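The values are calculated or read from the model by the stated rules, or taken from the named source; none is laboratory data. All values derive from a computational prediction rather than experimental measurement. Cβ coordinates were reconstructed from backbone atoms using ideal geometry, including for glycine residues, and neighbour counts include every protein chain displayed. For the accessible areas, the whole protein counts, side chains as well, though only heavy atoms, and no ligand, DNA or RNA atoms are used. Shrake-Rupley method; radii C 1.70, N 1.55, O 1.52, S 1.80 Å.
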Amino acid sequence: MNTKSEKVHNYTVMARLDDAIPLQTDEWQTVERLLNQVSEFVPLSMLNNLTEAVITYADDQARRGYLLGQDDFIQELQTKMARIA
């Protein structure tokens, strides 16, 4: 169950990721080209569902990666502070 602070934190993480990760990359252009090719053969609704699922998965993976990185950073800072103290 998401509390209000968790929802705000998740929004902040997503906003940070949106600002930091470029959307127009060679990798994305390949995906876009392949989706355009596939769209010639599959119903548009199926393609939309697939695209939405990929986007949701990628957003979740990016969010998890960001949070793991932040946890690692905090642990590193705590280790350094313990050595100083």
Query raised in the report: Looking at ALA82, is it at pLDDT 90 or above, closer than 30 Å to GLU6 by Cβ and either of a type in the set (Gly, Ala, Ser) or in contact with a Phe, Trp or Tyr (Cβ under 9 Å, 6 or more places away or on another chain) (or both)?
Result: yes
**Report entry** Search result, residues across region 49-69 that are of a type in the set (S, T, N, Q) and at pLDDT below 90
**Finding:** THR51
Query raised in the report: Applying the selection to region 1-16, what residues are open to solvent by 70 Å² or more (accessible area, probe 1.4 Å) and either closer than 15 Å to GLN70 by Cα or not polar (S, T, N, Q) (or both)?
Result: MET1, LYS4, GLU6, LYS7, VAL8, HIS9, TYR11, THR12, ARG16
Report task. Could you tell me which of the residues ASP19, ASP59, ASP72 is assigned to a helix (DSSP H, G or I), of a type in the set (D, E, K, R) and surrounded by 11 or more Cβ atoms within 10 Å (Cβ to Cβ)? Result -> ASP59
